[in-house]
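Reading through the structure tokens given below for one structure.
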Amino acid sequence: MSKATVAAPANIAFVKYWGARDLARALPYNPSISMTLARAVSHSTVEAKSEGEVDEVLWAEEAGLAPAPPNFAARVLRHLAVLRRELGSHRGFRVATRNSFPSAAGMASSASGFAALTLAVAGALERTLPVAELSRLARLSGSGSAARSVLGGYVEWPRGEAENEAVAELLAPAEHWQLCDLIAIVERGPKEVSSLDGHQRAESSPYFQRRLELLGERLAGVRQAIADRDLDGLGPIVEEEAIDLHLIAMSSRPAIFYWQPATLRVLATVRGLRAAGVGAWSTMDAGPNVHVICRPGDEAVVAAALADTPGVESVFRDHTGNGPHGNVPPLF
Ligand code: DP6
């Protein structure tokens, strides 16, 4: 029996994946670009059992191992079946997962969880696969953003005309440019509408096609700003892009509202910081919490302003990270 443990990080998209041309295979309509995080990490230990043995899905907590919550376990079991098919294995797996960030903080990330699971399964089967293939396998979890979490630094996930071309590529490593991502948590609960439903409904928005038309220029701007380490160039594009995602969600049929009143208050705080000369820019995923991107030298002042904003329950401080690694103790 062989066992592997992997830590894989979450990522924050500067240009978002929103809308799938093939949802079952998580093939996106548009390329996306993200920054890999350092502290928001999922750990996964996978043991490959004998052929035909039943899969076990566990959740590692301070107190020890417990059965994983049913929704999460169902998605893991589905992905294990996909990985068996793709890797030509008939072995069962024992899996344990733990998040380094409080999942009760409304930050539960399927990107880090499914990237860690995919890499740990490959490790447990003693397969050394190219990063492109690991990205493709992580994407097949259905959490498309997991495709980007197999790399560190700044990552582009192209649209990919062929299925095996929709895989992550490195734009720049973490040491190229350190940025902070301060996450203002305004709600802890799970989101009401899953990203999967959001992707499905995106096409029904009258603004969906228009966003796709605008994206070429936006992607080019983000790539250039990363290459030039230019936060004043990057920030406005990132903020506009996140607002567009939510504009599409709100104008989908049926409409999806991820924002809470405190989300708007945080956006106002960020505009206030900029008016005071601090380079801080907001972005949001499919939820009410706000990620604020800034330079390391401004981290303390931005974190204090966010913590002072009514409705912010906590601020999780993260920064550009190096990507997955296996230098962690096994969970069992
Ligand atoms: C808004 O289908 O990858 O975060 O499974 O919830 O992680 P999860 O979602 P996924 O869609 C991601 C949607 C997004 C934008 C992004 O990360 O690109």
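Listing for the model above:
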item: Given charges at beta-carbon only (K, R positive; D, E negative), |dipole| of the chain in Debye; result: 480
item: Under-5 Å amide H pairs with ARG91, H placed in peptide plane, nonlocal only; result: GLY52
item: PHE257-GLU126 FRET efficiency (beta carbon distance; Förster radius 35 Å; 0.05 resolution); result: 0.15
item: Kyte-Doolittle at least 0.5, axis length at least 18 Å by Cα - qualifying DSSP helices, the chain; result: 110-124, 231-250, 261-275
item: Rounded to 5, percent antiparallel among DSSP beta bridges of the chain; result: 95
item: From phi via Karplus (6.51, -1.76, 1.60), per-residue ³J(HN,Hα) for the range 19-30 in Hz, x at Gly/Pro; result: x, 10, 7, 8, 5, 4, 9, 6, 9, x, 6, 9
item: Simple Cβ-charge dipole of the range 240-307, Lys/Arg +1 and Asp/Glu -1, about Cα centre, in debye nearest 20; result: 200
item: Per-residue [θ]222 nm for the chain (sum of -39500 (n - 2.57) over DSSP H runs n ≥ 4, rounded to 500); result: -11000 deg cm²/dmol
item: Whole-Å distance, taken between Cα centres, linking the range 76-100 and the range 203-272; result: 34
item: Centre separation in Å (Cα based) which lies between the range 295-332 and the range 133-200; result: 18
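Every number here is computed from the coordinates shown, using simple stated rules; none is lab data. Just so we're clear, the structure is a prediction, and the values are computed from it rather than from any experiment. We place every Cβ from the backbone using ideal geometry, glycine too, and count neighbours over all the protein chains shown.
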